[in-house]
Amino acid sequence: MCIETGTRLRQRQAPRAILNVTITCADPTFCKTKTVEIPARVLATAFDKPDDIHPRHLSIQFIGEYKEQNRNSKFEPEINIYSIPEFRESLSKSTEYVKEFDRELEKIKHLASDQFSVANGELPFLPFIDAEKELNVHLKRVSFKSGNGFFYLTQFNNEPSIINNDGLVYVFQGVTNDNQYYILATFPVRTKILPEGYDASEFQGYKLPEFFYERKKHKRNQVNYRNYVSKMGKLLEELESDQFSPSLSLIEEVQSSLEINY
């Protein structure tokens, strides 16, 4: 079954281009989608926070049963296609934010290339987000029809939290072959071994402290939490693709079919 997203986006930079994106999917339960144009949110001043700043872009949004199953997820199931020059422009009020964007983008290009490797165990994420990435597991390079990218499984936390199904997300980041577009896709996934939501307070022999930031116990709480997250990372890394819902391989197949024409 071919799911075609017929929405077009006229870009501002010269020469003016019509952007058309398509994905192919054999599972209509997973791949019921709509494609929408998202308005820009630009940085107003150099002192504003860059959270949720982005250029006008196309978003392939998953709207069927898959979305409903993950209605409490921290991330929407979607594939976003951003113009790299326009992303820089949306941050242009701050030279520091533009520099940080370029640094993170270079990391993404490196990880998406044939010289696939991870420096210092840390993985980039664009756009800016006010949350902490706890895991970097199931790292995999995946090409798509218009470029290259990579996946990793993670959970973003605002506060130390139990690893849970509402937090788990399979992230894809990539760049088109001509370096004009940055792709960010977020696919919530679930597995039977995890608690359902962020309200969980204990799992696998670890219990969140009632007062995590208590001054006298803060350092010990941090160490215990990092040990717990490390244990969970190893546990999740050992799971096969089909032990997640949707399976990681299905998500990878859909992402690899992405084609961008302009």
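The values are calculated or read from the model by the stated rules, or taken from the named source; none is laboratory data. Here the structure is a predicted model, which means the values were calculated and not measured. A quick note on method: Cβ atoms are made from the backbone with ideal geometry, for glycine too, and the neighbour counts reach across all protein chains shown. Calculation scope for accessible area: heavy atoms of the full protein, side chains included, ligands and nucleic acids excluded. Shrake-Rupley method; radii C 1.70, N 1.55, O 1.52, S 1.80 Å.
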Q. Going by average Cβ neighbours within 10 Å, how do the peptides 37-43, 135-141 rank, with the highest at the top?
A. 135-141, 37-43
Q) Highest GNM mean-square fluctuation, the chain, Cα pairs closer than 10 Å: which of Gly205, Gly64, Gly233? A) Gly205
Q: Calculate the tail of P(r) for segment 28-76: the fraction of all Cα-Cα distances greater than 12 Å, expressed in %.
A: 71 percent
Q. Hey, what number do you get for the chain at 222 nm if only DSSP H runs of n ≥ 4 count, each worth -39500 (n - 2.57), divided across all residues, to the nearest 500?
A. -7000 deg cm²/dmol
(Q) Compute for the chain: radius of gyration divided by Kirkwood radius, i.e. Rg/Rh, restricted to C-alpha atoms, rounded to two decimals. (A) 0.97
Q. What number in nm² do you get for segment 173-262 if you take the convex hull of its Cα atoms and divide its surface by four?
A. 8.8 nm²
Q: Could you list which residues have their amide H under 5 Å from that of Ser257, counting only those 5 or more apart in sequence or on another chain, with H placed in the peptide plane?
A: Thr24
Q | Contour minus Cα-Cα distance for Asn72 and Ile129 (0.36 nm per residue) | A | 18.7 nm
Q: Below 25 Å Cα-Cα, how many Lys pairs turn up in segment 124-227? Only count pairs eight or more apart in sequence, or on different chains, if you could.
A: 9
Q. For the chain, which whole-number percentage of the solvent-accessible area (1.4 Å probe, protein heavy atoms only) is attributable to carbon and sulfur atoms?
A. 47 percent
Q: At q = 0.22 Å⁻¹, work out log10 I(q)/I(0) for segment 89-177 with the Debye formula, treating every Cα as an identical point scatterer and leaving solvent out; two decimals please.
A: -1.15
Q: Using per-residue counts of other Cβ atoms within 10 Å, averaged over each peptide, order 52-60, 21-29, 212-220 from highest down.
A: 52-60, 21-29, 212-220
Q | nm² value of the averaged projected area, convex hull over the Cα atoms of segment 30-173 | A | 9.4 nm²
Q | Helix 218-237 axis, angle to the chain major axis (alpha carbon atoms, nearest 10°) | A | 60 degrees
Q) Among Gln61, Gln69, Gln204, which one shows the biggest mean-square fluctuation in a GNM of the chain, springs joining Cα atoms closer than 10 Å? A) Gln204
**Q.** Cα-only Debye scattering, segment 55-135: base-10 log of I(q)/I(0) at q = 0.24 Å⁻¹
**A.** -1.23
Q | For Ile53, distant residues with modelled amide H under 5 Å away | A | Phe128
Q: Just subtract the alpha-carbon distance of Lys192 and Lys32 from 0.36 nm times their residue separation and send over the number in nm, one decimal.
A: 55.2 nm
